[in-house]
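To start, the structure itself, in structure tokens.
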Amino acid sequence: MLKLPAMRGQLQMLSTRNSTLVSLCDAFDEASATLDRLRRNGSSDDRLLAEYETLCSDIENEVIDICIAARSKTP
């Protein structure tokens, strides 16, 4: 997840044992690729762009929550 470089190391470690995190990262990759493609192609569908922006943001927030929860469990 390129938007979370500060968490990259933690994401790599967590992804080896957290299938939910792996699924979220895959979903983020797909959603962000679609959003990039829509922008690159000059989509005029503002509702669709907003939907994908929200989706990417929501997934990113879920990933951050997982990382924070994992940190709080680490002694």
Taking the chain as a Gaussian network, Cα atoms linked when under 10 Å apart, which of S19, S32, S57 shows the biggest mean-square fluctuation?
-> S19
Toward the positive end of the charge dipole of the chain, about the Cα centre and with charges on Cβ (Lys, Arg +1; Asp, Glu -1), which of L38, V63, Q12 goes farthest?
-> Q12
How big is the Cα convex hull of the chain in projection, averaged over all directions, in nm²?
-> 5.1
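Please list the helices of the chain that count as membrane-span-like by this rule: a mean Kyte-Doolittle hydropathy of at least -0.5 together with Cα atoms stretching 15 Å or more along the helix axis, each helix being a complete DSSP H run. Working shown, then result.
Details: long enough: 19-40 (31 Å, -0.05); 46-73 (41 Å, -0.02).
In the chain, the long hydrophobic H runs are 19-40, 46-73.
Could you work out the helix-only [θ] at 222 nm for the chain, with each DSSP H run of four or more residues adding -39,500 (n - 2.57) and the total divided by the number of residues, to the nearest 500 deg cm²/dmol? Numbers along the way, then the final one.
Details: 3 runs with 58 residues, N = 75.
Calculated mean residue ellipticity at 222 nm is -26500 deg cm²/dmol.
Any idea what the dipole of the stretch 18-73 comes to, in debye rounded to 20, about its Cα centre with Lys/Arg Cβ at +1 and Asp/Glu Cβ at -1? Numbers along the way, then the final one.
Values: 6 positive and 12 negative charges, 37 e Å.
With Lys and Arg at +1 and Asp and Glu at -1, about 180 debye.
Hey, what did the chain get for relative contact order, percent, Cα under 8 Å, at least 6 apart? List each step's numbers first, then the result.
Values: 34 pairs, mean separation 27.5, N = 75.
So the answer I get is 37 percent.
Every number in this text was worked out from the coordinates using simple rules, so none of it is lab data. Just so it is clear, the model here is predicted, and its values are computed rather than measured. Cβ atoms come from the backbone with ideal geometry, glycine included; neighbour counts cover every protein chain shown.
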